[in-house]
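The values are calculated or read from the model by the stated rules, or taken from the named source; none is laboratory data. These numbers come from a predicted model, not from an experiment. Here the Cβ positions follow ideal geometry from the backbone for every residue, glycine too, while neighbour counts run over all protein chains shown. Quick note on the areas: whole protein, heavy atoms, side chains included, nothing else; ligands and nucleic acids left out. Shrake-Rupley method; radii C 1.70, N 1.55, O 1.52, S 1.80 Å.
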Amino acid sequence: QVQLVESGGGLVQPGGSLRLSCAASGSIFSLSAIGWYRQTPGKQRELVASINSGGNANYADSVKGRFTISRDNAERTAYLQMNSLKPEDTAVYYCKLTMFSRDYWGQGTQVTVSS
């Protein structure tokens, strides 16, 4: 059974940084694609960044140049480095692992950007 555990969220001031982690178990992690999503109340979950098994990354326009997605296959962990955070980045952040056309989600971690 695939399990994902996100961590690293918290309260940060505008302009600050956070690094989110997504630790995976029960999967062939190196063959999986990873996506980071975020959701605010009343809105649909949106894709923030993704990275495929080959290490190719894509970003939403709203975070390009500020966020960096990465993966460590040996540690079975994906990361989202978030810099220059803005209040509009406040959301619950989720990671998604896609393996053999099946999606698995973590429980989410709250990120709050506020002074």
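Would you list the strands (runs of 3 or more DSSP E) that sit entirely within region 7-51 and hold 2 or more residues that are of a type in the set (A, V, I, L, M, F, W, C), out of contact with any helix residue (DSSP H, G or I) (no Cβ under 7 Å at 6 or more places or on another chain) and within 18 Å of residue 72 (Cβ to Cβ)?
The qualifying strands (runs of 3 or more DSSP E) are 18-25, 33-39, 46-51.
One residue stands out in region 73-115 among those that are part of a loop (DSSP other than H, G, I, E, B) and among the basic types (Lys, Arg): the one that is farthest from residue 63 (Cα to Cα), namely 76. Within region 1-45, being within 17 Å of residue 112 (Cβ to Cβ) and open to solvent by 50 Å² or more (accessible area, probe 1.4 Å) holds for 7, 11, 13, 14, 15, 17, 19, 39, 41, 42, 43.
Of everything in region 86-115 that's more than 20 Å from residue 43 (Cα to Cα) and in contact with a strand residue (DSSP E or B) (Cβ under 7 Å, 6 or more places away or on another chain), which residue is surrounded by the most Cβ atoms within 10 Å (Cβ to Cβ)? So the residue we want is 97.
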